[in-house]
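> Input: one structure, supplied below.
The values are calculated or read from the model by the stated rules, or taken from the named source; none is laboratory data. On a predicted model such as this, the values are computed, not experimentally measured, just so you know. With ideal geometry, Cβ positions are generated from the backbone for all residues, glycine too; neighbour counts draw on all protein chains shown.
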Amino acid sequence: MKKILLISSIFCLFVILSSCKKDSTTTPSSTSTTSGKISITITKLASETGTVNCNGLSVEVHTKPTYDAKVTSTTSVGTATSATASFNGLAKGKYYIMAWKDNDNSNSFTAGDYFGYVETPTIINGGEVLNYNIQMYILKN
């Protein structure tokens, strides 16, 4: 029951964030010098039932918390239980990172898809290597 409540809460938070008015994030400038690297480790949430395959997920970097302004993406590489992804040469700015797998090819978040995200915005200031962990969930109805 707690797991369903947690997943439902995460999904509701995503819906709320996607319906919020435009935020004033710093959009990376095309003239900014590329300077940052983000490394991501993806794992299945220990309490999650069912099979989440962490290999082959779409890992995306966005400039908006609504995840509708993709800057770049890559595919995770690893095993079913743990995978990695990295982004090099990102311009200075604020980014939002998510990972998901559209299992039914609907191009939207639906029950049965895998979903995870970095809970705080990622700030690239210059020259740093940032490391994050994303725990994946199976979206429920």
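> Pairs please, first residue from the range 100-128 and within 22 Å of S82 (Cα to Cα) and of a type in the set (F, W, Y), second anywhere and at pLDDT below 85 and in a loop (DSSP other than H, G, I, E, B), Cβ atoms under 6 Å, 6+ apart in sequence or on different chains.
Y114/V52
> In the range 107-141, how many are surrounded by 11 or more Cβ atoms within 10 Å (Cβ to Cβ), hydroxyl-bearing (S, T, Y) and part of a loop (DSSP other than H, G, I, E, B)?
1
> Also, quick follow-up: Limited to the range 54-64, what total is found for residues that are assigned to a loop (DSSP other than H, G, I, E, B) and at pLDDT below 90?
4
> Turning to a different aspect of this structure: Looking only at the range 93-139, count every residue that is at pLDDT below 85 and basic (K, R) and tell me the total.
0
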